[in-house]
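**Student:** The structure follows.
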Amino acid sequence: MTGSMDESTESDSWDTHDAGSLTQWAAVGGIAVLIAVACGVVASDGTVPGWEQSIFHAINDLPDWLENPMWVFQLAGLLFVPIIIAVGAAWFKHWRLAAALVLFVPAKLIVEKLVVKQMVERERPGTTICSPDGQFDPTCGNFRGDVPLEGLSFVSGHAIIAWGVAAMLWVVLPARWRWVPVVIAVLNAVARVYLGAHNPLDVVGGGAVGVALGVLLVLAFGVRSVAGRQASGHSRQLA
């Protein structure tokens, strides 16, 4: 019994058979960091360039009948989402994934609040786009629901969560299901702009931060698919 448990534990971690996967994940994390930095550089002066405003209006001006579905998709970025998925991961005995998802919550808060928003201060679209002279123009955009018009907007915390969860679930989901969290993350980002809560680079930068954090936790906890664990265990048995 003890030997079986030891083998299961060992096969749940990275080994030399995963060198290619490790390299790929490290590359994805590195690219995500570069995207986040690039977005931060553009947003660092506190203004929204004309091309970004054009993207904002193109999304924000989409038909009003989309408001209800967009409101639903934005929920994928709420803070309790990783915890709920962690409970599901634990139920299916994906212990490492569950731990990574739980730790993702404080990691997200630290990186967003104590790092990014201390380095880049850019306000929400209600201020940066629709209040250029200090006077809010209600005809400038569509601010749906109870989205705030003021406050630091870069990066989007919703996007961090949605994309971080998508990155971590990519490892464990079967190939045919991997794109589902990604599509949800894309729609979450679009929803935040559509509702008027964020500028486009807020969600792109937030998504990149989320992917980078997700990759870091996947590597730190050795999160692997069931197939990968079984293949690794089989290789050890043959050896």
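The values are calculated or read from the model by the stated rules, or taken from the named source; none is laboratory data. On a predicted model such as this, the values are computed, not experimentally measured, just so you know. Backbone-built Cβ (ideal geometry, glycine too); neighbour counts: all protein chains shown.
**Student:** So how many residues does the range 132-172 have that are assigned to a loop (DSSP other than H, G, I, E, B), of a type outside the set (D, E, K, R) and in contact (Cβ under 8 Å) with a residue 12 or more places away in the chain?
**Tutor:** 13
**Student:** Within the range 107-121, can one find any residue that is under 15 Å from Val155 (Cα atoms), of a type in the set (Asp, Glu) and touching a strand residue (DSSP E or B) at 6+ places or on another chain (Cβ under 8 Å)?
**Tutor:** yes
Okay, residues lined up against (1) among the hydroxyl-bearing types (Ser, Thr, Tyr); (2) under 20 Å from His94 (Cβ atoms):
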position	(1), (2)
Tyr194	yes, no
Val203	no, no
Gly206	no, no
Val211	no, yes
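One line per residue, one yes/no per condition, for (1) touching a Gly at 6+ places or on another chain (Cβ under 9 Å); (2) among the β-branched types (Val, Ile, Thr); (3) in a helix (DSSP H, G or I):
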residue	(1), (2), (3)
Thr23	no, yes, yes
Ala26	no, no, yes
Ile31	no, yes, yes
Cys39	yes, no, yes
Gln53	no, no, yes
Leu66	no, no, yes
Leu75	no, no, yes
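**Student:** Kindly check whether there is at least one residue in the range 157-172 that is β-branched (Val, Ile, Thr) and either at pLDDT below 95 or surrounded by fewer than 18 Cβ atoms within 10 Å (Cβ to Cβ) (or both).
**Tutor:** Yes: the range 157-172 contains one or more residues that are β-branched (Val, Ile, Thr) and either at pLDDT below 95 or surrounded by fewer than 18 Cβ atoms within 10 Å (Cβ to Cβ) (or both).
**Student:** Which of the residues that make up the range 41-51 are of a type in the set (Val, Ile, Thr), outside any helix (DSSP H, G or I) and without any contact (Cβ under 8 Å) to a residue 60 or more places away in the chain?
**Tutor:** If the condition is that a residue be of a type in the set (Val, Ile, Thr), outside any helix (DSSP H, G or I) and without any contact (Cβ under 8 Å) to a residue 60 or more places away in the chain, then no residue fits.
**Student:** When Val102 is evaluated against the numbered criteria (1) within 19 Å of Ala208 (Cβ to Cβ); (2) under 16 Å from the mean Cα position of the chain (by Cα); (3) surrounded by 13 or more Cβ atoms within 10 Å (Cβ to Cβ); (4) of a type in the set (Val, Ile, Thr), which criterion, by number, is the only one it fails?
**Tutor:** It fails just one condition, (1).
**Student:** Also, quick follow-up: So Lys113 ticks every box in (1) within 30 Å of Ala58 (Cα to Cα); (2) in a helix (DSSP H, G or I); (3) touching a residue at least 60 places away in the same chain (Cβ under 8 Å) but one. Which box is left unticked?
**Tutor:** It fails just one condition, (3).
**Student:** Among the residues of the range 83-102, is any in contact with a Leu (Cβ under 7 Å, 6 or more places away or on another chain), in a helix (DSSP H, G or I) and within 20 Å of Gly205 (Cα to Cα)?
**Tutor:** No, because not a single residue in the range 83-102 is in contact with a Leu (Cβ under 7 Å, 6 or more places away or on another chain), in a helix (DSSP H, G or I) and within 20 Å of Gly205 (Cα to Cα).
**Student:** Let me ask something additional. Just a yes or no: is a residue in the range 19-29 of a type in the set (Phe, Trp, Tyr), surrounded by 13 or more Cβ atoms within 10 Å (Cβ to Cβ), under 16 Å from the mean Cα position of the chain (by Cα) and under 19 Å from Ala167 (Cβ atoms)?
**Tutor:** yes
**Student:** Which condition number does Asp133 fail, the rest of (1) closer than 25 Å to Cys39 by Cα; (2) among the charged types (D, E, K, R); (3) under 24 Å from the mean Cα position of the chain (by Cα) being met?
**Tutor:** Looking at each condition in turn, Asp133 falls short on (3).
**Student:** Of the conditions (1) at pLDDT 95 or above; (2) surrounded by fewer than 22 Cβ atoms within 10 Å (Cβ to Cβ); (3) in a loop (DSSP other than H, G, I, E, B), Val186 fails just one. Which one is it?
**Tutor:** (3)
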